[in-house]
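Asker: First the structure, which I've put down as structure tokens, then a few questions once you've had a look.
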Amino acid sequence: MLNFTDVTEFILLGLTSRPELQQLFFVIFLLVYFITLVGNIGMTISIRVSPQLNSPMYFFLGHLSFADVWFSSNVTPKMLENLVSETKTISYPGCIAQCFFFIAFVHVEVFILAVMAFDRYMAIGNPLLYGSRMSRTVCIRLISFPYIYGFFISLISTLWTHGLYFCGNIEINHFYCADPALIKMACAGTLIKEYTMRTLAGLNFSYSLLVIIISYIFILIAILRMRSAEGRKKAFSTCGSHLTGVTIFYGTLFFMYLRSPTEESVEQGKMVAVVYTTVIPMLNPMIYSLRNKDLKEAMSKAMSRAFLNK
């Protein structure tokens, strides 16, 4: 007979138990979180207020930055709190809520990346019809899908997480309530949870990635048909930032969620999780603005006005 425990809170073991490293990590991740907020909020505001950024590409990019803020804010503040706190606990409702929003915004991001790839295909493959086919109404419908579907899938996944049973062990070997770590420590209800996690993650990540791959196959065909070398260069430059973001984000997600939760995979997963919960949201504004003159100018003007007003 299993001795189930009525869990009211969990202990997050975090990245390390060494006090000197905890202090160092606190400073590093506080700086990373600050840069993430400034970069993504600055990009979102710049896109909304700048007339030259009034196009579908920037509309979707603004939503990606919005999702990045919430994605990072769901995990980082609690991680920072636990790095300087003696009691590194999270309540059971808090853990379930963290799981829900984490899964929701992961799916929101992967499908926004897919929508952005489709938008690039429409812009490069059908430039004359781009304005009419990617109208404001169409853009709103396209961007609504990631949010509605992402939160729906998250609700299903979180209900299965709520169905896990624990037998005394309340230590989560992670810095946030991650599904693989929870499955590893649970003593019942793990089979259906692990199956649904891997199935949903595999299907959704693969489906969204398939949309991106097909879009870029057609983009490549359209670019090769261009007679202008300058046009080909501009098209490649436009797609380069998006491809970089896709490669980093999908690579870490597949590594994290398509393996069976073992002690070794959970430990490795913590390092990978640092990348997609803190580093990628920080890098996205840099990646997308690096080769984009209009976006850099708009962000510079927005930040200059913000500091001058203060």
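The values are calculated or read from the model by the stated rules, or taken from the named source; none is laboratory data. These figures come from a predicted structure and were not determined experimentally. Positions of Cβ are backbone-derived with ideal geometry, glycine not excepted, and every protein chain shown enters the neighbour counts. When the accessible area is computed, the model is the full protein with side chains, heavy atoms only, and any ligands, DNA or RNA have been set aside. Shrake-Rupley method; radii C 1.70, N 1.55, O 1.52, S 1.80 Å.
Asker: Roughly what angle does helix 293-309 make with the longest principal axis of the chain, taking Cα atoms, 0 to 90 degrees, to the nearest 10?
Answerer: 70
Asker: Also: Based on the alpha-carbon gyration tensor of the stretch 1-110 and its eigenvalue square roots a ≥ b ≥ c, which shape applies: rounded if a/c is under 1.5, prolate if not and a/b is larger than b/c, or oblate?
Answerer: oblate
Asker: In terms of Cα to Cα distance under 25 Å, which lysines are near enough to LYS270, apart from those fewer than 8 places away along the same chain?
Answerer: Cα-Cα hits under 25 Å: LYS78, LYS88, LYS184, LYS193.
Asker: Follow-up question, since we're still on this one. Quick one: angle between helix 280-289 and the longest Cα principal axis of the chain, in degrees between 0 and 90, rounded to 10, please.
Answerer: Taking Cα atoms only, the helix is inclined about 10 degrees.
Asker: In degrees, nearest 10, range 0 to 90: what is the angle between the Cα axis of helix 19-49 and the longest Cα principal axis of the chain?
Answerer: That helix lies at roughly 30 degrees to the long axis.
Asker: Expressed as a whole percentage, what fraction of the accessible surface of the chain belongs to carbon and sulfur atoms when a 1.4 Å probe is rolled over the protein heavy atoms?
Answerer: Its accessible area is 67 percent carbon and sulfur atoms.
Asker: To the nearest 500 deg cm²/dmol, what mean residue ellipticity at 222 nm is calculated for the chain from DSSP H runs of n ≥ 4 alone, each contributing -39,500 (n - 2.57), summed and divided by the residues?
Answerer: Value at 222 nm, helices only: -26000 deg cm²/dmol.
Asker: How much accessible area per residue does the stretch 9-309 have, counting only protein heavy atoms and a probe of 1.4 Å, in square angstrom?
Answerer: The answer is 48 Å² per residue.
Asker: Starting from the Cα of LYS301, draw a straight line to each of the lysines and keep only those under 18 Å, dropping any in the same chain fewer than 8 residues away.
Answerer: Correct list for LYS301: LYS293, LYS310.
Asker: To continue, here is another question. Output the lone cysteines of the chain: those with no second cysteine's C-beta under 4.7 Å from their C-beta.
Answerer: If one checks each Cβ against the other cysteines of the chain, CYS99, CYS139, CYS239 turn up with nothing under 4.7 Å.
Asker: Under a cut-off of 18 Å between alpha-carbon atoms, report the lysines in cross-link reach of LYS296, not counting same-chain residues fewer than 8 places apart.
Answerer: Correct list for LYS296: LYS234.
Asker: Under a point-charge model restricted to the Cβ atoms of Lys and Arg (+1) and Asp and Glu (-1), what is the dipole moment magnitude of the stretch 9-309 relative to its Cα centre, in debye to the nearest 20?
Answerer: For the stretch 9-309, the charge dipole is close to 1420 debye.
Asker: For the stretch 38-141, with only Lys/Arg (+1) and Asp/Glu (-1) charged at the beta-carbon, what is the dipole magnitude about the Cα centre, in debye rounded to 20?
Answerer: Value, rounded to 20: 360 debye.
Asker: Same structure, new question: If r is the Cβ-Cβ distance from ILE221 to VAL138 and R0 is 30 Å, what FRET efficiency results, to the nearest 0.05?
Answerer: After rounding, the FRET efficiency stands at 0.85.
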